[in-house]
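What follows is a single structure, written as structure tokens, with notes after it.
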Amino acid sequence: MQDSGSLAGLIAAADFNLHWFDLGRRVQSVASADATAFEAGRAPWPHPYLRQAWTGLLLEPRAGGEPVVWFLRLPLDEQGKLQLAVRDAFVHLLIDKLGHGDGAELGERLHSALQESGIAYTPAPERQATFHARVAQLLQRPPSEHFDAVLEYCRAPQSHRWDQLAVQGIADLAVRWKEHQSLLCDTLEQLAPPVFIGLCQCLESEAIDAELAGRIIDRADAAPGDSAITAAAVRGLSLAPAAELRRRFLTRLLQGEAASNSEVIAAIGSRCSSDLEHGDIAAAWLAAMAEHQSQDTFNLLLSDLMFLPAVRAALLDALRDPARPEILARAFGHFLHGPNPPH
């Protein structure tokens with residue numbers, strides 16, 4: 001096989017259609033043009049997370065048959081662009097592995113190249129389940145065999161065991177939330193906490209409506225001391241178009257006891273980046289993080305968000321505000337210079 005100069009070109013030459021997904025902050029499809037520009041080094045990855053592009057690649061055989069799925073963690077440079085040396089090394093590995101052969105052999109060789117690449121990763125269970133649920137929709141396939149059991153449980157939570165439900169069935173329900181919106185709104189308060197948490201972790205990739213977002217907030221408000229429920233609620237409504245509803249909820253959390261919880265703070269920082277574009281929320285989140293979290297956590301979350309231009313501007317405004325808390329000023333100083341600033 002000849003070197004086409006790109007990962008996408010080699011996959012096309014192997015007779016697969018390629019679909020790009022991002023699995024960093026949530027599961028979302030990536031336009032082919034954006035993925036092509038990124039792979040060529042012309043543009044940053046549209047959804048950077050922890051200085052990586054957490055990709056899911058769906059390789060659909062043009063001749064029919066089962067698709068192949070790759071999860072590749074691609075390192076980014078200071079501009080959020082692909083480190084081309086990593087891409088080149090992987091492309092060369094593919095060239096060495098593919099060679100010639102029929103479709104089945106090509107699939108096996110692609111899998112072998114993935115295992116040897118050093119850039120493969122395994123997504124969290126709820127993220128992987130959401131990805132597969134999205135892929136089933138893309139390929140116009142039915143939900144998994146676990147879907148019906150989850151539906152039955154939601155219709156009568158007190159009559160069914162929650163501990164036998166599969167996360168894949170929960171993800172199948174989450175991607176079909178519009179079809180089952182009334183059921184979800186009616187049953188959220190009755191779901192066992194692990195089911196509610198799992199559902200919210202899958203709903204973070206969905207633009208749920210205001211009514212369902214409101215019911216998620218109600219469930220969190222009913223368990224004010226349960227940080228796992230609260231953090232899950234933040235994730236579950238993080239993509240909801242009802243932005244003002246979510247921001248009021250986040251503001252209340254940042255003004256209360258939840259602000260001291262690392263899980264809640266991480267959920268806001270990693271899932272609600274668009275809300276951190278608003279100065280009041282950015283300032284409250286930074287102050288809570290500086291007061292209650294370690295310097296390492298502060299550095300990790302802040303450096304990650306600095307790759308998002310609109311968020312970066314709001315955070316820098318809050319960090320440079322003369323009225324910022326002293327503890328925040330110290331944390332920011334350590335972020336810039338380390339614990340022992342230069343003289």
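For the stretch 1-152, the Kirkwood hydrodynamic radius from C-alpha pairs, put into Stokes-Einstein at 4 °C and a viscosity of 1.567 mPa s, yields a diffusion coefficient of 80 µm² per second.
Springs join every pair of Cα atoms under 10 Å in this Gaussian network model of the chain, and among A113, A323, A31 the largest mean-square fluctuation is at A323. In the chain, the DSSP-assigned H stretches of four residues or longer account for a calculated mean residue ellipticity at 222 nm of -16500 deg cm²/dmol, using -39500 (n - 2.57) per stretch and the full residue count as denominator. The string of couplings for the stretch 276-286 from the Karplus curve (6.51, -1.76, 1.60, θ = phi - 60°) is 6, 6, 8, x, 5, 6, 4, 5, 5, 5, 4 Hz, one whole number per residue in order, with x for Gly and Pro. Annotation for Q164 and R42: the two label points, set 7 Å from Cα along the Cα-Cβ direction, are 5.5 nm apart. The stretch 1-52 and the stretch 204-244 have their alpha-carbon centroids 31 Å apart. Of D172, D163, D22, the residue with the greatest mean-square motion in the GNM of the chain, using alpha carbon springs below 10 Å, is D163. In this simple spin-label approximation, D186 and S262 carry label points 7 Å from Cα along the Cα→Cβ vector, and these lie 4.2 nm apart. Quarter the surface of the alpha carbon convex hull of the chain and you get the mean projected area, 19.2 square nanometres. Here the spin labels are modelled as points 7 Å beyond Cα on the Cα-Cβ line, and at D88 and R247 they lie 4.6 nm apart.
Taking the chain as a Gaussian network of alpha-carbon nodes connected by springs under 10 Å, the highest mean-square fluctuation of the residues A12, A124, A149 belongs to A124.
Scanning residues 5 or more positions from V30 or on other chains, those with amide H under 5 Å from its amide H are W20, F21, D22, with H placed 1.01 Å from N in the peptide plane.
What is the diffusion coefficient of the stretch 92-200 in µm²/s, taking the Kirkwood radius over Cα pairs and the Stokes-Einstein relation at 20 °C with a viscosity of 1.002 mPa s? Approximately 132 µm²/s, per Stokes-Einstein.
Coordinate-derived values only; no laboratory data. All values reported here derive from a predicted model rather than from experimental measurement. Here the Cβ is made from the backbone with ideal geometry for all residues, glycine too, and neighbour counts use every protein chain on show.
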